[in-house]
Amino acid sequence: MSRVGKRPISIPKGIEVTIKGNEVTVKGPKGVLSRSVNQDMAIEIKRDILTVSRPTDSKAHRAFHGLTRTLLDNMVQGVSKGFQKNLEIVGVGYRAQASDGKLVLYLGYPKPVEFIAPQGVSFSVEGTNKIAVSGIDKELVGRTSAKIRELKPPDHYKGKGIRYSGEYVRLKAGKAGKIGAKK
């Protein structure tokens, strides 16, 4: 049996899970998430514990077993705690401002780049170079963070650009003629 799929999901107080066929809806203090899962997976709720089981040991069912459990766990965590992804802007003159569900980025282009938040995602800026992307849907928060990072990915020569907090960017030496060349 799948190590991920067989782990039960505990449902905290204040979270309501409803199952109708293959449609699962999770309501909590932060919002409501709904998702349709594979119809072969059996989802049960017993005493505030959500379990997912598979009908056979086929390769497809094993794959969907762990995936379904992880998606449901992310939904429960999202409506109770939420998710957040942090980005850093590195570079002289690079900065960000958040206002009314919009992120305005100054990234060395002739005009500032405006990034509109999708529904369910919010931005906050700490200082001028730290961006926090938060929301209840883990997939949407991650995709939005990736799109923001895509606007100016980190440069491998000077390290300038947008990167995830804690991301290591390996810097290249540059032209070989400048470093260690014979005179």
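Entry remark, region 52-95: residues being within 24 Å of the chain's Cα centre (by Cα), of a type in the set (Gly, Ala, Ser) and part of a helix (DSSP H, G or I) number 4 in total. For region 118-127, filtering for residues that are out of contact with any Ser or Thr (no Cβ under 7 Å at 6 or more places or on another chain), surrounded by 13 or more Cβ atoms within 10 Å (Cβ to Cβ) and in a loop (DSSP other than H, G, I, E, B) leaves 1.
In region 67-87, the condition of being under 30 Å from PRO112 (Cβ atoms) and either among the β-branched types (Val, Ile, Thr) or in contact with a Cys (Cβ under 6 Å, 6 or more places away or on another chain) (or both) is met by no residue. Exactly one residue among ASP73, ASP137 is crowded, with 17+ Cβ neighbours inside 10 Å and not assigned by TED's automatic domain parsing to the domain that holds LYS158, and that residue is ASP73.
Table: residues versus (1) in contact with a Lys or Arg (Cβ under 9 Å, 6 or more places away or on another chain); (2) surrounded by fewer than 17 Cβ atoms within 10 Å (Cβ to Cβ); (3) more than 30 Å from VAL24 (Cβ to Cβ); (4) not acidic (Asp, Glu).
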{"site": "LEU87", "(1), (2), (3), (4)": "yes, no, yes, yes"}
{"site": "GLU114", "(1), (2), (3), (4)": "yes, yes, yes, no"}
{"site": "VAL141", "(1), (2), (3), (4)": "yes, no, no, yes"}
{"site": "GLY161", "(1), (2), (3), (4)": "yes, no, yes, yes"}
{"site": "LEU171", "(1), (2), (3), (4)": "yes, yes, yes, yes"}
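Within the set LYS46, LYS20, LYS27, LYS59, the sole residue that is modelled with pLDDT of 95 or more, outside the structural domain of GLY120 (by TED's automatic domain parsing), basic (Lys, Arg) and farther than 30 Å from ILE162 by Cα turns out to be LYS27.
With in contact with a Gly (Cβ under 7 Å, 6 or more places away or on another chain) and among the hydroxyl-bearing types (Ser, Thr, Tyr) as the only criterion, which of TYR157, TYR168, TYR164 stands out? Spell out the reasoning first.
Values: TYR168 fails: in contact with a Gly (Cβ under 7 Å, 6 or more places away or on another chain); TYR164 fails: in contact with a Gly (Cβ under 7 Å, 6 or more places away or on another chain).
After ruling out the rest, the residue left standing is TYR157.
The numbered conditions (1) in contact (Cβ under 8 Å) with a residue 24 or more places away in the chain; (2) farther than 30 Å from SER134 by Cα are all true for PRO55 except (1).
Quick check on VAL169: is it in a strand (DSSP E or B), free of Cβ contacts under 8 Å to residues at least 24 places away in the same chain, in contact with a Pro (Cβ under 8 Å, 6 or more places away or on another chain) and over 30 Å from SER80 (Cβ atoms)? If you could, list the steps in order and put the result at the bottom.
Numbers: in a strand (DSSP E or B): no; free of Cβ contacts under 8 Å to residues at least 24 places away in the same chain: yes; in contact with a Pro (Cβ under 8 Å, 6 or more places away or on another chain): yes; over 30 Å from SER80 (Cβ atoms): yes.
Judged against the criteria, VAL169 is not a match.
Against the list (1) free of Cβ contacts under 8 Å to residues at least 60 places away in the same chain; (2) in a loop (DSSP other than H, G, I, E, B), the condition LEU140 fails is (2).
The values are calculated or read from the model by the stated rules, or taken from the named source; none is laboratory data. Bear in mind the structure is a predicted one, so any value in this text is a computation, not a measurement. Methodologically, a virtual Cβ is constructed for each residue, glycine included, from the backbone with ideal geometry; neighbour enumeration extends over all protein chains shown.
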